[in-house]
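The values are calculated or read from the model by the stated rules, or taken from the named source; none is laboratory data. Given the structure is predicted, the values throughout are model-derived calculations rather than measurements. Neighbour counts are summed over all protein chains in view; Cβ atoms, including those assigned to glycine, are modelled from backbone coordinates with ideal geometry. Just the protein is used for accessible areas: all its heavy atoms, side chains included, with ligands, DNA and RNA removed. Shrake-Rupley method; radii C 1.70, N 1.55, O 1.52, S 1.80 Å.
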Amino acid sequence: MGSFSGVDEFLKHCEQSGDAAYGAFKALLEKLEDPTTRAEARVFLASLQKRFDSKEDSDRCLQKFHFRIHDIHLADHQGYQRRKKLTMMVIPSIFIPEDWSFTFYEGLNRHPSSIFKDKIVAELGCGNGWISIALAEKWSPLKIYGLDINPRAVKVSWINLYLNALDENGQPIYDGEKKTLLDRVEFHESDLLAYCRNHNIQLERIVGCIPQILNPNPEAMSKMITENASEEFLYSLSNYCALQGFVEDQFGLGLIARAVEEGIAVIKPTGIMIFNMGGRPGQGVCKRLFERRGFRVTKLWQTKVIQAADTDISALVEIEKNSRHRFEFFMGLVGDQPICARTAWAYGKSGGSISHALSVYSCQLRQPNQVKIIFDFLKNGFQEISNSLDLSFGDDSVADEKIPFLACLASILKEKSFFPYEPPAGSTGFRNLIANFMRIYHHIPLNNDNVVIFPSRAVAIENVLRLFSPRLAIVDEHLTRYLPKQWLISLAIESEPNGKSSEDVITVIEAPRQSDLMIELIKKLKPQVVVTGMAHFEAVTSSAFEHLLDTTRQIGSRIFLDISDHFELSSLPGSNGVLKYLSGNFLPPHAAVICGLVKNQVYSDLEVAFVISEEETIFKALSKSVELLEGGTALFSQYYYGCLFHELLAFQLADRHLPAERECAKAESVEMIGFASSAISVINSAELSINEGDDTELIHMDVDQSFLQIPSPVKAAIFESFARQNMVESEFDVKTGIRQFIKSNYGFPTDSSTEFIYGDSPLALFNKMVLCCIQEGGTLCFPAGSNGNYVSAAKFLKAKIVYIPTHSEEGFKLTEKKLMVVLGTVNKPWLYLSGPTINPTGLLYNNEEMCVLLSVCAKFGARVVIDTSFSGLEFNTEGWGRWNLEDSLSKLNCLGNSSFSVSLVGGLSSEMLTGGLRFGFLVLNSSELVDAFYTLPGLSKPHSTMKYAIKKLLDWREQKAGNLLKAVTEHRGILRNRSDCLKETLQSCGWNVLDCYSGVSMVAKPSAYLGKTVKLSCSLKRGSTSSGEVFEAKLDDSNIREAMLRATGLCINSSSWTGIPGHCRFTIALDDAKFEQALKCIVMFKTSVLGD
């Protein structure tokens, strides 16, 4: 045949060695692949088989000639031809069918006949191809891809395919569809599913019988796999696997784990995976491998098989030595008491026969589309997360919430290089989802401008009361636990002698939730604000709500009704009287609805709240109160509940119901309380962020947020924090990490009495410190050139404020002389300092400067609040000494001035590049302040998932993880370049720029523009100003913000915000495209005002 004159010469060549035999059959395969010589080659194979037709002769052939052609007898008559057997060839360098593969085939047979019919199938570790051929013969799949990493196995499989696709005369054997096995089966060299992945083949079935024991010689697995490798090495590929980087490696199941994850990417949503699993690690471990990846698992078949004598289990013994896990073996086939790997190894070495369980598992994804999205995200550099992922759930309702959210989160993290700006009122997308849910499920025609998002119900209630500052409020007794203690003990319920109420005192009276009792109190006490829920028996109908509305309207009270306990996120929500009323009536101007979202199946303590108001002024004021007091609401909390709303809306047809005809609210008979004058003053004067209308897109250089690219380690930490199940407290306890962080960065001392407090943002924590200052009767001192949002928040809270002058000669930094002058005139001073990075100027306090300032504060017994939340991205540190405050503070604390204390407020968003993660910490070393702080409930605290992510990042920072440190270095480089670029552009356009060295913002003076009278055509529509209107004014350091906005759409902060006369603030941590647009806007404004 070919280069051989006959069978004898062929055998003589094969007798030389296994490699020679393989070469001979490889040449024969070429004849089989050629249609002109195919029949002749098949006849030659028949002659070879007949030469060794008995079992003894076949075994002798394998020993002497290094191959064997034999028959595998099937349990029943198979396929169209009713075959009883398949003819198969093997060589020593490939897997020889044994109990393992036969048991696997028996398990496959337990599936119904339709499972493979007309399906696209892949077999992993096909060996000599007999299972692929048997499946094709019996079930007529559309195509089976037999895959093996051993190139010789693939060649032998093709030979076996021709052996069974052609009869002994070389003629094709057709099935009932006039197809041969050659039409249904292909074999390819492939590392697991690489062939299918590279050729975009979507599979409907994946079956596999692949190695599940680590090679005792790991170096052997690193060799290049070629058909010319040694027989021993190629054969070892059938018995052993290498470490795959999966947690299942410790059980020898790493290769299976990789196969499953590769399979998720290429299997169709309704596809099924079937794997042969050795029971050595234990049935629970084997099953969990699939379940934690989102599969439902069915055990098709189980038996015991003798442990192959040529497989070394010493690697399992080593695993047992280094862990508490025990593998399961049995003594012989009849033993029913398991023994560990070490005992089995010793028993086998002594001549005993050991066995292990062998099971066939059928697995199908429970939510395939979502699971595919999750693993598509994980495969891009997030292998470590895969090891902690757990998609197994005892409760389907938990799975139905968590898996879609993880898929949503994976999509967000994959698609977004940074988290875009969202208005303080809440994510526009999230508010739209709430409005759509109300419209579709409750027939209430709301839009996103009727919804304001808060971090929690407690925050919403406190913000409402601070916004109105009522003399007297009645609050549901179930809700008062969220309010400051002094409000609940005040007895100032009478009006002032002049008939006016004092805004400095809020008195809250607790009331029962039952509506008739609440109404009686309202009528008697005549409160200005009422906050209440509804009793369960009254919540079903709208009558109690209507009665409350009428009573408060007649009395002149504003009412905020809490429906948290009765609001259902369900496709079939129960009857809700309040929402039923709103479907037919407008919400009166004096009323609003509060709803805290806490009812979810997965994260029991994860909360977001929303307030519904159809009064535009209320919506705007509440939105600004969120920005002033909280800075906004955690983005990922909004994503989570947004996903729940989206799932409920996804299958609903939009606008199936005509908009409801709603009755207008009754006219107010009594004048209602308005916003507190102090609140109105702050809201009108504070330069809060500008929100774009529907028809424009603004460029925000006025927000303290980084829009730079989020590093992979941060994305990994975020995803893992939500993916984890059953976290214990030690996994999200960040105290040790924060302690080390402030020690290494600032040398800030702590001890066992130090209190660590965590909030959703540094701003929220700072505001609680402002309240402590007010409660103590202190005066809050701000250096001129402090962050405008912090100053406005303190004003909103009605703190007593003093400004400390700063001058351009010192870069608007606070000096010892100026500080001494002010502190000498102030009673109970509290000093706010931003450092080491000063926001907004971007300058730095060095260690010596800070120690001098602290010495002055100690002399006057001042309480100091150091805000480090803008620090961590120092990009020009030449000549700057890092902080080490420990020695200085130790000496100052020994001076004995008990009122002197230093507290540290911080965040990790700058240094840790945390993107959308919101996290703040407060470190208190004064027991008096700790006690005062805890009298102020209502702090919105970060969820355990957020703390888990922060802890992860802190640990990586401490370990000096390369990817994270590299990303920080890159961000510093970007900010340095941005600073230089913006400085150059501003100077060329007539601005005097103050050099900055750190952080995300810088200041500049519009020298060339001051005093210029401008008449500008507006480029955008904002508020009541329509596109095309003209803006005319004489420019100063305050209205230049409005001029730039109207002319170019660029948002900056004026001197009113910076507190530095003449100087505006620009933030530089924009994404590349926005930053380039911002530079063009600056040039455009110069052209509009100064000409070319």
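Key figures
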item: Among (1) farther than 21 Å from A165 by Cα; (2) surrounded by 14 or more Cβ atoms within 10 Å (Cβ to Cβ) - the single one S17 does not satisfy; result: (2)
item: One residue from K891, K859 being assigned by the TED database to the domain that holds A764, surrounded by 15 or more Cβ atoms within 10 Å (Cβ to Cβ), in a helix (DSSP H, G or I) and of a type in the set (K, R); result: K859
item: Hits in segment 1072-1092 - residues which are farther than 20 Å from D1037 by Cα and open to solvent by less than 30 Å² (accessible area, probe 1.4 Å); result: F1075
item: Given (1) assigned to a strand (DSSP E or B); (2) open to solvent by 10 Å² or more (accessible area, probe 1.4 Å); (3) under 12 Å from C363 (Cα atoms); (4) not acidic (D, E), number of the condition N276 does not satisfy; result: (2)
item: Single unsatisfied condition, E328 versus (1) open to solvent by 10 Å² or more (accessible area, probe 1.4 Å); (2) farther than 19 Å from T311 by Cα; (3) not hydrophobic (A, V, I, L, M, F, W, C); result: (2)
item: The lone exception for L300 - which of (1) within 26 Å of N109 (Cβ to Cβ); (2) open to solvent by 40 Å² or more (accessible area, probe 1.4 Å) it fails; result: (2)
item: Positions within segment 105-153 being open to solvent by less than 30 Å² (accessible area, probe 1.4 Å) and either assigned to a loop (DSSP other than H, G, I, E, B) or outside the structural domain of P92 (by the TED database) (or both), in sequence order; result: H111, I115, F116, G125, C126, G127, N128, G129, S140, P141, N150
item: Test: residue in segment 420-438 that is farther than 30 Å from V578 by Cβ and acidic (D, E); result: no
item: Residue list for segment 1053-1067, restricted to those being crowded, with 24+ Cβ neighbours inside 10 Å, under 37 Å from the mean Cα position of the chain (by Cα) and not in a helix (DSSP H, G or I); result: N1053, C1064, R1065, F1066, T1067
item: Residue satisfying condition, being open to solvent by 60 Å² or more (accessible area, probe 1.4 Å), touching a Pro at 6+ places or on another chain (Cβ under 9 Å) and in the same structural domain as G777 (by the TED database), within set E848, E886; result: E886
item: Enumeration of residues in segment 239-266 that are under 15 Å from G208 (Cα atoms) and either acidic (D, E) or out of contact with any helix residue (DSSP H, G or I) (no Cβ under 8 Å at 6 or more places or on another chain) (or both); result: N239, L255, R258, A259, E261, E262, G263
item: Any chance F454 is under 25 Å from D605 (Cα atoms) and either among the basic types (K, R) or crowded, with 20+ Cβ neighbours inside 10 Å (or both); result: yes
item: Residue satisfying condition, being assigned by the TED database to the domain that holds L333 and part of a helix (DSSP H, G or I), within set V260, V305; result: V260
item: Conditions (1) open to solvent by less than 10 Å² (accessible area, probe 1.4 Å); (2) at pLDDT below 95; number of the one not met by F870; result: (1)
item: Segment 198-232, subset surrounded by 16 or more Cβ atoms within 10 Å (Cβ to Cβ) and part of a helix (DSSP H, G or I), residue modelled with the highest pLDDT; result: E231
item: Filtered residues of segment 147-206 (kept if small (G, A, S) and over 15 Å from E123 (Cα atoms)); result: A165, G170, G176
item: Selection within segment 807-821 - within 16 Å of V852 (Cα to Cα) and touching a Leu at 6+ places or on another chain (Cβ under 8 Å); result: K813, L814, E816, L819
item: Search result, residues across segment 820-837 that are open to solvent by 10 Å² or more (accessible area, probe 1.4 Å) and aliphatic (A, V, I, L, M); result: M820, V821, V822, V826
item: When residues of segment 802-819 are limited to those that are surrounded by fewer than 15 Cβ atoms within 10 Å (Cβ to Cβ) and without any contact (Cβ under 8 Å) to a residue 40 or more places away in the chain, the one farthest from the chain's Cα centre (by Cα); result: K817
item: Qualifying helices (runs of 4 or more DSSP H) (wholly inside segment 340-442; at least 3 residues being more than 30 Å from A315 (Cβ to Cβ) and polar (S, T, N, Q)); result: 428-442
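Yes/no per residue for (1) over 26 Å from L688 (Cβ atoms); (2) open to solvent by 20 Å² or more (accessible area, probe 1.4 Å); (3) at pLDDT below 95:
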{"position": "R972", "(1), (2), (3)": "yes, yes, yes"}
{"position": "V1003", "(1), (2), (3)": "no, no, no"}
{"position": "G1011", "(1), (2), (3)": "yes, yes, yes"}
{"position": "V1014", "(1), (2), (3)": "no, no, yes"}
